[in-house]
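See below for the structure under consideration.
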Amino acid sequence: MDFESFFSSKLEDLKLEGRYRVFMDLERQVGDFPRAKRHVNGTTQDITIWCSNDYLGMGQNPAVLKAMHEALDKCGAGAGGTRNISGTNHYHVELESELASLHGKEAALLFNSGYMSNWTTLSTLAAGLPNAIVFSDGGNHASMIEGIRHSKADKVIFKHNDIKDLEKHLKAAYPARPKIIAFESVYSMDGDFGRIAEICDLAEHYGAMTYLDEVHGVGLYGEHGAGLAEREGLMHRVTIIEGTLAKAYGVVGGYIAGSAAMCDYIRSYASGFIFSSALPPAVAAGATAAIKHLKASEFERAQLRRNVAMVKAGLDRLGIPHMANDSHIVPVLVGDATKCKWISDYLLDHHGIYIQPINYPTVPRGTERLRITPTPLHSEQDIEVLLQSLDGLWKQCALSRAVA
Ligand code: PLP
């Protein structure tokens, strides 16, 4: 086979459809977030990032950086092994204990990313529980879908956030079968909230366990930043809470929190946990510092809410259509891959505004969008520049306006 022509023709397909992924070459600047340098054609351009998942700017927080520097100087670079073979450092143990306490659970278990925590936990649970059946929300993230698929367990995909549809499927399943309901608290592309209370009601009624992805909720919602389930007083009703340390906590890594026996079971049986080297100790130290900071400080969350409200109100004033939601995510619908990419390129080249276009398969075809994520560190001036730039583009391209 001519491998090179195969790869080239597949890439050409993506380009023709306007959804070839461009990976921006960025250099983040300590103390200057959300500004960064973009490397392009041997030069650099100063840009403002409007699509970062460092939602609260914790990746630059002085307490986080200090903790990482100290741990790096104390322990060195890597962890030195898998968790079971010399790789468990005291910083990992402290972080797991901090995470368990954050979520009011007996234990927590760290993974190298949120993706790995979902993939590994769901695949291990669904494969291990005898004759298990997984009920998975239609809007779930790829990491959950892939984990469930890998388990080879029976699965039912219920309509996104549709409680009636979920109940219909639960009712139809043989009562004695172990059931897992997998869903999210904040759906990252539409920014809508999962129906945690109603799903917990059903789970309790039908004897299912609940698996809640709080990746876009942790750090951001609840009095201590434990997520949407904390804000709604529901953490104790959720069997397993999964989260990331790479978004609002600004570092990297993923985790689950739940009962001591469940965490020990995953720790003892999950290939994706056992056979991968542990996170560097400095990363664990930084994550612990970020969690502690956001447990005590409401400042970043309040500033974020203020900026999100300003962006949404500004878009409404200009009639620029964005998906309605109650979260910190502002999806501006374009509905066409080529147009979306063109707008994104124009914003970057003419205004130094970076918003990555979101295309299929991240979102369904025809719903391509600019996913704007304001942060507490965007200034009023930044917001004004963003709104004026979008307004100019909407005029220039005769893009449809929302009815005010
Ligand atoms: N779950 C959801 C809902 C996500 O959106 C993502 C990543 O964007 C992940 C899990 C994976 O988390 P991580 O980026 O830490 O691998």
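The values are calculated or read from the model by the stated rules, or taken from the named source; none is laboratory data. Everything numeric in this text was worked out from a predicted model, so none of it was measured. As a convention, Cβ positions derive from the backbone with ideal geometry for all residues, glycine included, and neighbour counts pool all protein chains shown. Note: areas computed on protein heavy atoms with side chains; ligands, DNA, RNA excluded. Shrake-Rupley method; radii C 1.70, N 1.55, O 1.52, S 1.80 Å.
Give the relative contact order (percent, whole number) for the chain; include only Cα pairs under 8 Å separated by 6+ residues.
Working: 788 pairs, mean separation 85.4, N = 404.
Computed over the chain, the figure is 21 percent.
Close amide-amide hydrogen proximity is noted between residue 26 and 39, each under 5 Å apart and 5 or more residues distant or on a separate chain (H modeled in the peptide plane; Pro and chain starts excluded). Among the listed pairs 10/155; 105/247; 164/295; 74/105, those with a Cα-Cα distance over 28 Å are 10/155; 164/295; 74/105. Against the chain, whose longest principal axis is taken from its Cα atoms, helix 260-269 shows a tilt of about 80°. Normalised radius of gyration (Cα atoms, divided by 2.2 N^0.38 Å) for the chain: 1.01. Can you give the FRET efficiency to the nearest 0.05 for residue 74 and residue 381, using r as the Cβ-Cβ distance and R₀ = 41 Å? Efficiency computed from Cβ-Cβ geometry: 0.50.
Direction-averaged shadow area of the convex hull around the Cα atoms of region 302-404, nm²? Don't jump to the answer; show the numbers that get you there.
Working: hull surface 24.9 nm².
With every direction weighted equally, the projected area is 6.2 nm².
Looking at the chain, the accessible area is 45 square angstrom per residue; that uses a 1.4 Å probe and ignores ligands, DNA and RNA.
To the nearest µm²/s, what D does Stokes-Einstein give for region 128-199 at 37 °C and 0.692 mPa s, using the Kirkwood radius over alpha carbon pairs as Rh?
260 µm²/s
Only one residue of 266, 44, 215 has its Cα farthest out toward the positive end of the dipole of the chain, where Lys and Arg carry +1 and Asp and Glu -1 on Cβ, and that residue is 266. Mean-square fluctuations from a GNM of the chain, with a 10 angstrom spring cutoff on Cα atoms, peak among 67, 208, 173 at 173. What do you get for the angle between helix 142-151 and the principal long axis of the chain? Use alpha-carbon atoms, 0 to 90 degrees, nearest ten. Helix 142-151 sits at roughly 30 degrees to that axis.
Based on the Kirkwood radius over alpha-carbon pairs, what is the Stokes-Einstein translational diffusion coefficient of region 1-106 at 37 °C with 0.692 mPa s viscosity, in µm²/s?
Numbers: Rh = 18.5 Å.
The diffusion coefficient I find is 177 µm²/s.
Computed from Cα atoms, the angle from the helix 90-102 axis to the main principal axis of the chain rounds to 90 degrees. Applied to region 295-310, the Karplus parametrisation 6.51 cos²θ - 1.76 cosθ + 1.60 on θ = phi - 60° returns per-residue 3J(HN,Hα) values of 6, 9, 9, 9, 3, 5, 5, 5, 5, 5, 4, 4, 5, 4, 4, 5 Hz, with x for Gly and Pro. For region 66-107, the Cα gyration tensor yields ellipsoid semi-axes of 22, 15, 5 Å (square root of five times each eigenvalue, largest first, whole Å).
So how strong a dipole does the chain carry about its Cα centre when Lys and Arg Cβ are +1 and Asp and Glu Cβ are -1, to the nearest 20 debye? Could the numbers behind the result be given before it?
On the way: 40 positive and 47 negative charges, 80 e Å.
Computed charge dipole of the chain: roughly 380 debye.
With contacts taken as Cα pairs under 8 Å and at least 6 residues apart, region 121-179 reaches a relative contact order of 42 percent. Among 357, 131, 375, which residue has its Cα furthest toward the positive end of the charge dipole of the chain, with +1 on Lys/Arg Cβ and -1 on Asp/Glu Cβ? So the residue we want is 131. For region 82-169, a Kirkwood hydrodynamic radius built from all Cα pairs, placed in the Stokes-Einstein relation at 20 °C and 1.002 mPa s, yields a translational diffusion coefficient of 145 µm²/s.
When ranked by the protection proxy of mean other Cβ atoms within 10 Å per residue, highest first, what sequence do the peptides 342-354, 315-327, 108-120, 224-236 form?
Numbers: 342-354: 17.4, 315-327: 15.8, 108-120: 24.2, 224-236: 20.8.
With the highest mean Cβ count within 10 Å placed first, the list reads 108-120, 224-236, 342-354, 315-327.
Of all accessible surface on the chain at a 1.4 Å probe, what whole percent is carbon and sulfur? Write down the numbers at each step before the final one.
Details: 9970 of 18030 Å².
Solvent-exposed carbon and sulfur of the chain make up 55 percent of the total.
For region 325-334, 3J(HN,Hα) computed residue by residue from phi via the Karplus equation (6.51, -1.76, 1.60; θ = phi - 60°) reads 7, 9, 9, 8, 9, 10, x, 9, 6, 10 Hz, glycine and proline entered as x.
Convex hull volume of the C-alpha atoms in region 120-279, normalised per residue: 110 Å³.
Between residue 29 and residue 142, the C-beta separation translates, for a Förster distance of 25 Å, into a calculated FRET efficiency of about 0.20. Other residues whose C-beta falls under 13 angstrom from the C-beta of residue 134 contribute a net charge of +2, scoring Lys and Arg +1 and Asp and Glu -1. Under 5 Å between amide hydrogens, which residues at least 5 positions from residue 107 or on another chain qualify, with H placed 1.01 Å from N in the peptide plane? For residue 107, whose amide H was placed from the backbone, the distant partners under 5 Å are 258, 260.
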